[in-house]
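As structure tokens, the structure follows; a few thoughts come after it.
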Amino acid sequence: MDAHSADLRRLADQVVTARDSSTALEIRGGNTKAFYGGVPRGEILDTRPLAGISSYEPTELVVTALAGTPLAELEAALASRGQCLPFEPPRFGADGTVGGMVAAGLAGPARASVGALRDYVLGVSVLNGSGETLTFGGQVMKNVAGYDISRVFSGSMGILGVICEVSLKVMPVTPGCATLVFDIDEGPALVELSRWAALPVPLSASAWHRGQLFVRLAGARSAVDSVRQRLGGTDIDPRTASDWWQAIRDHRHPFFCLAPADLARGECLWRLSVPDTTPPMALPGERLVEWGGAQRWLRTTAPAAQIRDAVAARGGHATLVRAADKSPGVFTALAQPLMSIHQRLKQSFDPAGIFNPGRLYAEL
Amino acid sequence: MHEALSAAEPAARQRQVVAALAQVLPASCILHRPEETLAYECDGLTAYRQVPLVVVLPETEEQVAAVLRTCHALGVPVVARGAGTGLSGGALPHAMGVTLSLAKFDALVKVNPLARIAVVQCGVRNLAISEAAAPHGLYYAPDPSSQIACTIGGNVAENSGGVHCLKYGLTLHNVLRVRGFTAQGDAIDFGSEALDAAGLDLLPLIVGSEGMLAVIVEVTVKLLPRPPLARCVMASFASVEAAGAAVAAVIAGGIIPAGLELMDKRMTAAAEDFVHAGYDLEAAAILLCESDGTPEEVAEQVERAIDVLRANGATQIEISRDEQQRLKFWSGRKNAFPASGRMSPDYMCMDSTIPRKRLAEMLRAIEDMEAKYALRCVNVFHAGDGNLHPLILFDANDPAELHRCELFGAEILEASIRMGGTITGEHGVGVEKLNSMCVQFSTAELAHMAAVKRAFDPAGLLNPGKVIPSLQRCAEYGRMHVRGGRLAFPELPRF
């Protein structure tokens, strides 16, 4: 970060000024995810001056990038060396940044097979609410020195601090890939997915929508070839398949595209996170099922309480991803001992409460 | 206030605590006589010993909650303990505290093959999970060397690894949910049986928190399909540098082996002497590169790995013919510790991680330290993820040797930090590495870790004195440090 010390100092000054005047800050990179979480408010703190890949050594499987680096730039650099971010972070626009990716903590179709974004975070440098630069974690794969604070920034919605730099574990792109399509109803599809997941097959992603199940295999070429014959289904040509998975990943598939008119009449996009063996949920609306059943998208006008009750009964939680009215709360409410811990963590990192207030919970 | 009273009068304090615990536990679950509590005086790091005030062995979750509530009300420290196999003193008792043994929480609650999860109580042994899952073709991936004895609760507390974590991840990556109690005795859940939970992701804080943030009673782990085949390639190298370069080349070639381990010449000799695995005793270093998966996958990966190893100067390559030979290749690595035990009365197992590319440099630095401290050191290395385990050989009956050994260890850790690494890859900080924490982290960073501790445990009663050094301790260590590791009055006991 040395080359950016002046930029970092300016951001730290902005934090200190905001703290001293109790001014809320909206931490912003490419502004592609303003729709996600509680409604942003406050003076904008722009992370984009902190841009660039600080270090990348393919043989270490580690890349370190400043928060304002465009995600597209990072992914291109990795692709040029045959590597990738295996968790496939969704891109809601061309301008998304690495810092925004970490703060949102979202993962794409491969999540169930490769892990979440947080599993790939090795270290972060952040500005706390007093404008101090802190570094947690590092650039090595195994590190249990002190509490693993770096990974808590994944999905933190910016409430704990300004993410300035991130080190991520990267992986090689798998050599073989194939996509199969099956005509099958949701219930039987979920059963098949659970069955396949218990077999040593290179299952990389799945998505069910409107009577069709898409299954992606990725791994050694020979393994993919032998398994695709055993599973059956219809092969899709690689280019078409790749475009289709990208559209799911980036929410460009028509299912995810809620027009202003849809939102105006109360239609919402929900993300239901449930145990993958949960049978089809008896909730009104249109569905798209990913992650072997563990992530279920729902387009519906049903009331929030009905959805959250049904999901809670299954041991899961529901997030209101797109909606005109976010008054039911974007994220599922926490039990008291857990919320108390959240409040004390927030208080210790950001005592003046200036970072992204309300983006995660109204109390934080 | 309680602390002040207790410091003055341990016996009175013990009577008070035992009486309070007797209200919530059967007498058979409370140990306080010296002959009973002595067995709990240390964990796997035997250089540190402390008899606890009281030991409790609750049998139900309600009793765990009641013990915590009781201790909280009295201001008594609580040290949770699993199998006691930890290597950094994380379960070292507190002189005025209660050691909370979770040994009786050893039930396998359920294995759900369809959901590919196991729900187990914290005292279930690591290997017992894989054994229970085996009839379904499933297993639990993290496999620390002590897996026959260590428990899942301890694995969660330490974020344990093993030889397969490059491909399959650490404990954190294989745990879905952790259930337990706060220091105040409130029930609390982290994670869920879904792939995530609402709110901040606190699971990474709990995993690896060394019993300082909550007491864990139940863990839900992911089970994976057992790979139908595993084959191991054993490659010899004429220099440690060449072996290190070969590791980098394997990774650069897009290969993620299931395991990638390096042993130096002295370790190989010790292991060969112990297990007769047929290691190449002429080699300066040996790499074990394992591939697992379907037969097609394994064949493809083994072929690519051999090409890369040959191109990078392997002087001899052997591929396991069958399962028996594969296990033989591994037997020396898995027995590295007992093999070292035969070479010396005692050994101290270090654990740090460095960027892989610094491996040869680190091994040279360790050679120099051997001369400096007049002690021998053998090296095993999780080369795939840069995790180094130098075993420093010494005689604990010689206080001067023990002291030199500790300085040797501290210097390895500081070299690791200088090379861009960390002071512990998988064994934890415990009490052993408190001073090294002062070197790796700034005052502000340590203050935030202390704040995280307070967020979970405002009264500071869970496993106090571990992991996060006090700023005063760091200041003192810093002062000693200025003298370049050579202390004034070296005869004075300090650690």
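Read-outs: derived from the displayed coordinates by stated rules, not from any lab. Small disclaimer: the values here were computed from a predicted structure and weren't measured. Virtual Cβ from ideal backbone geometry, glycine too; neighbours counted across all protein chains shown.
Tabulated values for the structure
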| quantity | calculated |
| --- | --- |
| Note, ³J(HN,Hα) from phi for the range A:357-364, Karplus 6.51, -1.76, 1.60, rounded to Hz, x at Gly and Pro | x, x, 6, 9, 9, 4, 6, 10 |
| Helix-only [θ]222 nm of chain A, DSSP H runs n ≥ 4, -39500 (n - 2.57) each, per residue, nearest 500 | -8000 deg cm²/dmol |
| Mean Cβ count within 10 Å, highest first, over the residues of peptides A:215-223, A:291-299 | A:291-299, A:215-223 |
| Convex hull per residue volume in Å³, alpha carbons only, for chain A | 141 Å³ |
| Long-range amide H partners of A:L45 with built H, under 5 Å | A:E26, A:I27, A:R28 |
| Among A:A305, A:A323, A:S348 the positive-end extreme of the charge dipole of the range A:258-351 (Cβ point charges) | A:S348 |
| Radius of gyration, Dmax [the range B:92-193; alpha carbons; angstrom] | 14.3, 47 |
| Where only C-alpha atoms are counted, convex hull volume of the range A:46-108 per residue in Å³ | 79 Å³ |
| Rounded tilt (10° steps) of A:336-349 against the dominant C-alpha axis of chain A | 50 degrees |
| Per-residue ³J(HN,Hα) for the range B:336-352, Karplus 6.51 cos²θ - 1.76 cosθ + 1.60, θ = phi - 60°, Hz, x for Gly and Pro | 4, 6, x, 4, 5, x, 7, 8, 7, x, 9, 9, 10, 8, 8, 7, 9 |
| J(HN,Hα) series, the range A:282-298, from Karplus relation 6.51 cos²θ - 1.76 cosθ + 1.60, nearest Hz, glycine and proline x | 7, 10, x, x, 9, 10, 9, 10, 10, 6, x, x, 7, 10, 10, 8, 9 |
| Cysteines in chain B that, by Cβ-Cβ distance, have no pairing candidate under 4.7 Å | B:C29, B:C42, B:C71, B:C122, B:C150, B:C165, B:C232, B:C289, B:C349, B:C377, B:C405 |
| Burial ranking of peptide ranges B:373-383, B:305-315 (average Cβ count within 10 Å, highest at the top) | B:373-383, B:305-315 |
| Additional length obtainable on full extension of the chain from A:A305 to A:R230, 0.36 nm per residue less Cα span | 22.7 nm |
| Residue-averaged beta-carbon neighbours from other chains (10 angstrom radius) around A:334-343 | 6 |
| Helix B:240-252 vs. chain B, principal-axis angle (Cα, 0 to 90°, nearest 10) | 90 degrees |
| Theoretical gain in end-to-end length, B:S442 to B:E35 [0.36 nm per residue, Cα-Cα removed] | 142.3 nm |
| Volume per residue that the Cα convex hull of the range B:239-289 spans, once the total is divided by residue count, Å³ | 67 Å³ |
| Spatial separation of Cα centroids for the range B:251-290 and the range B:60-113, in angstrom | 38 Å |
| Per-residue average of Cβ from other chains inside 10 Å of B:223-231 | 2 |
| For B:R226, distant residues with modelled amide H under 5 Å away | B:L138, B:Y139 |
| Inter-site label distance for B:T60 and A:R252 at 7 Å from Cα along Cβ, in nm | 5.9 nm |
| In nm, spacing of pseudo-spin labels at A:A259 and A:A3 (7 Å Cα→C-beta vector) | 4.7 nm |
| Dipole magnitude of chain B about its Cα centre (Cβ charges: Lys, Arg +1; Asp, Glu -1), debye to nearest 20 | 600 debye |
| Charge context of B:S146, other residues only, Cβ under 12 angstrom, K/R +1, D/E -1 | -2 |
| Dipole magnitude of the protein assembly as shown, debye to nearest 20 (Cβ charges: Lys/Arg +1, Asp/Glu -1, about Cα centre) | 1020 debye |
| With Cα atoms, 0 to 90° folded angle of helix B:265-275 axis to chain B main axis | 80 degrees |
| Kirkwood Rh and Cα Rg combined as Rg over Rh, evaluated for the range A:176-247 | 0.93 |
| Cα centroid separation - the range B:150-211 against the range A:236-300, whole Å | 29 Å |
| Average beta carbon contacts from partner chains per residue of A:217-224, 10 Å cutoff | 5 |
| Distance from the range A:30-76 to the range B:421-458 (C-alpha centre basis), Å | 27 Å |
| The range A:258-351 - Rg and Dmax from Cα coordinates, angstrom | 15.0, 44 |
| Local electrostatic count at B:A39 - Lys and Arg +1, Asp and Glu -1, tallied over other residues with Cβ under 15 Å | -1 |
| Intensity falloff of the range B:21-125 expressed as log10 I(q)/I(0), Debye formula with alpha-carbon point scatterers, at q = 0.11, 0.15, 0.21 Å⁻¹ | -0.37, -0.64, -1.09 |
| 5 Å-binned pair-distance histogram of the range A:2-172 (Cα, whole percent) | 2, 9, 19, 23, 22, 15, 8, 3, 1, 0 |
| Residues B:I392, A:I248 arranged by fewest to most Cβ contacts within 10 Å | A:I248, B:I392 |
| Helical mean residue ellipticity (222 nm; -39500 (n - 2.57) per DSSP H run of 4+; nearest 500) of chain B | -11500 deg cm²/dmol |
| 10 Å beta-carbon shell around B:V240, net charge (K/R +1, D/E -1) | -2 |
| Pairs from B:K265/B:K466; A:K169/B:K372; A:K142/B:K466; B:K334/B:K433 whose Cα-Cα separation, in the structure shown, is over 27 Å | B:K265/B:K466; A:K169/B:K372 |
| Long-range Cα-Cα pairs in chain B (distance over 28 Å), rounded percent | 55 percent |
| Highest average packing first - B:24-34, A:52-62, Cβ atoms within 10 Å | A:52-62, B:24-34 |
| Rounded if a/c under 1.5, otherwise prolate or oblate - the protein assembly as shown, Cα gyration tensor axes | rounded |
